[in-house]
Amino acid sequence: MCNNNCRFCVIDHNEKPRNTCFEDIEKELEVFREKGIREIAFVGGEVTIRRDIIEMISLAKKLGYAKIRIVSNGRMYCYPDFLEKIIKAGVNGFTVSIHAHNASLGDYLSRSKGSFTQTTTGIKNLRKMGFIPNINIVINKLNYKHLPEIISLLNSFDINNIRMSIINPEGNAMTNFNEVVPTLTEITPYIKKSAKICDKNNISLTINSLPFCILPECNRYKDEPYNILNKINIKPEKCNSCIYFEVCDGLRKEYAKKFGFKEIMPIKNN
Ligand code: SF4
């Protein structure tokens, strides 16, 4: 369940939402604590619109989780009283997703009028309360040219940790493939510009799902491999000779079906 319906979401919003019930969450929280896990992240859909959100957080705190993070579109944080309640219940880490530099693009992407203003107000409220949220940006065909502006906006909020993920063509993103999926070649100049802004402003940047050979000068920002090869990703035979073969996740299968492997260039020693 989500209060947005993003055009690039990996979830198909025409499908009935699958909400995990409180009892199952309770069991999982107990099991992981017994295994010694001390950090937990609640992710969605959109977890902040669950009626039992306070109970979930309170339970995690009672069980002894030291780090309790919420991954959210941040819209609910525009209500300071809501934010105060979840912080009081035990949340001490925030990750907020934002994918635009202005309301017209943000609301178009989310298909929810007012969502961009709510998210940016939410980020400002978090900052006022002393928290610096980690930020998620999904790079898509509608926002890639504005990545440097998005980074500059976030810099104005004193954000210091940004993760950019290449769109995954599943769910809504697959339905809207032609509108939302850019080629990797198209996005690389904007990733480079964004990385420069991050470096200049001491913002830690992570880039997810970009093969090593596409933008080698930005490989230092690369995220850990997801080990999803043969599940949702694929590598062509020419990758066998690449020095990154073992650590690279290759391309999304649906991306490769549409655009092929011509952008892939194995990197060899010397
Ligand atoms: S050539 Fe293949 S293994 Fe090497 S970086 Fe590119 S996609 Fe990854």
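Each reported figure results from applying straightforward, stated rules to the coordinates on display, with no laboratory input. Worth saying up front: this structure is predicted, and the values here are computed from it rather than measured. Cβ coordinates were reconstructed from backbone atoms using ideal geometry, including for glycine residues, and neighbour counts include every protein chain displayed.
A few points about this structure:
- Solitary cysteines of the chain, where the nearest other Cys Cβ is not under 4.7 Å: 2, 21, 78, 198, 213, 218, 239, 242, 248
- 17 Å Cα-Cα reach of residue 257 towards aspartates and glutamates, excluding residues that sit fewer than 8 places from it in its own chain: 170, 179, 237, 249
- Selection among 202, 240, 255 by position relative to the dipole of the range 200-270 gives 255 as farthest towards the positive end (Cβ unit charges, Cα centre).
- Amide H contacts under 5 Å for residue 163, placed H, 5+ residues apart: 135, 136, 137, 206
- Cβ-to-Cβ counts within 10 Å put 244, 144 in ascending order as 244, 144, the fewest first.
- Euclidean distance between Cα centres, the range 68-94 to the range 228-264, Å: 38
- Rel. contact order, % - alpha carbon contacts under 8 angstrom, at least six apart, the chain: 16
- Karplus-derived 3J(HN,Hα) values for the range 165-180, using 6.51 cos²θ - 1.76 cosθ + 1.60 with θ = phi - 60°, are 10, 6, 3, 9, x, 9, x, 4, 4, 6, 4, 9, 2, 5, 7, 10 Hz; glycine and proline are entered as x.
- Sequentially through the range 5-11, phi angles give Karplus couplings (6.51, -1.76, 1.60; θ = phi - 60°) of 9, 4, 4, 9, 5, 6, 9 Hz, Gly and Pro residues having no value and appearing as x.
- Note: relative contact order over the range 19-124, using C-alpha pairs below 8 Å and six or more positions apart, is 26 percent.
- Total charge dipole magnitude, the chain, about the Cα centre, Cβ charges on Lys, Arg, Asp, Glu only, Debye to nearest 20: 440
- Backbone HN-Hα couplings from phi across the range 102-119 [Karplus 6.51/-1.76/1.60, Hz, Gly and Pro as x]: 8, 5, 5, 6, x, 6, 5, 5, 7, 6, 9, 4, x, 5, 4, 5, 5, 5
- Exceeding the 19 Å Cα-Cα cut-off - candidates 192/268; 222/258; 27/62; 145/258: 192/268; 222/258; 145/258
- In whole percents, the pair-distance distribution calculated for the chain from its alpha-carbon pairs, binned every 10 Å from zero, is 6, 27, 33, 25, 8, 1.
- Greater than 25 Å apart at Cα, pairs in 16/113; 35/85; 61/231: 35/85; 61/231
- Sorted peptide list for 160-173, 249-262, criterion being average Cβ within 10 angstrom, highest first: 160-173, 249-262
- In the chain, the calculated helix contribution to ellipticity at 222 nm averages -10500 deg cm²/dmol per residue, counting -39,500 (n - 2.57) for every DSSP H run with n ≥ 4.
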